[in-house]
Amino acid sequence: MLTGAASRGLPQWSRRRSPGLAALAVLLVLGGALATALLVMRAEERTSVIRVTGRVVTGQPFGLGALQEARIADDGAAYWPWSQRDQVARGVATVTVLPGTLLTRPMVAGGAVAGRPVRVGLSLRPGQAPYDLQRGERVQLIHVPGRRNGSDGPVVVAEEAVIDSVSYRSGSADQATVIVDSVVAPMVAAHAVSGEIAIAAIRAQP
């Protein structure tokens, strides 16, 4: 058994905490609280926008079936809000929109584009359109000059248009309504009146 003098000679462990460790613990707690607060704030900043679920070609109406809600961080971009889906559904695409695309305002008719999609009626003769032309199909509109124009060759007047409606007589298309950009619509209409417009379908290789 140790005597009083011997026990007094043993080293004593200090119970004081290091100031550096205490400060580090405080910083970790504050950092965790700050990160949590930021996550909560970012969650509150998320907004509902419109995402397209299927391919919509230029001039084609969107329709509600092609629209889906998407939640994103509100970064100030000009996306169409989900609350305006009915307005978008009644509009038409100004560009070809791929599945999964978040819609910005210029992608819908009435946005900041060169022109606006308009409908033009065409009277067709046999051979001026594919025999199986269908509504919603993407086409090119080609000016095919008559004999009075001499050596002038065919010229594409609309690189991409959309068939809005088509009717047939005796197995060939005789009337069609196409959706084109308003910039080229007057030229398309002028050639259609003179019977010098042809329709070429834009189709993928089988």
Notebook entry, point to check: What strands (runs of 3 or more DSSP E) completely inside the stretch 116-203 contain at least 3 residues that are in contact with a Ser or Thr (Cβ under 7 Å, 6 or more places away or on another chain) and under 28 Å from Pro106 (Cβ atoms)?
Noted result: 117-123, 155-169
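Here's the yes/no breakdown for (1) in contact with a Leu (Cβ under 6 Å, 6 or more places away or on another chain); (2) open to solvent by less than 80 Å² (accessible area, probe 1.4 Å); (3) modelled with pLDDT of 75 or more; (4) β-branched (Val, Ile, Thr):
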| residue | (1), (2), (3), (4) |
| --- | --- |
| Ala37 | no, yes, no, no |
| Ala43 | no, yes, no, no |
| Ser48 | no, yes, yes, no |
| Val56 | no, yes, yes, yes |
| Gln60 | no, yes, no, no |
| Ser83 | no, no, yes, no |
| Asp86 | no, no, yes, no |
| Val92 | no, yes, no, yes |
| Leu103 | no, yes, yes, no |
Check: If you go through the stretch 158-193, how many residues are touching a Leu at 6+ places or on another chain (Cβ under 9 Å) and open to solvent by less than 50 Å² (accessible area, probe 1.4 Å)?
Finding: 16
Item checked: Residue match in the stretch 141-156 (condition: surrounded by 13 or more Cβ atoms within 10 Å (Cβ to Cβ), at pLDDT 90 or above and more than 30 Å from Val49 (Cα to Cα)) -> yes
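The values are calculated or read from the model by the stated rules, or taken from the named source; none is laboratory data. Predicted model, so just to flag it, every value in this text is computed and none were measured. Every residue, glycine as well, gets a Cβ built from its backbone with ideal geometry; the counts of neighbours run over all protein chains shown. Ligands, DNA and RNA are excluded from the accessible area calculation, which covers all protein heavy atoms including side chains. Shrake-Rupley method; radii C 1.70, N 1.55, O 1.52, S 1.80 Å.
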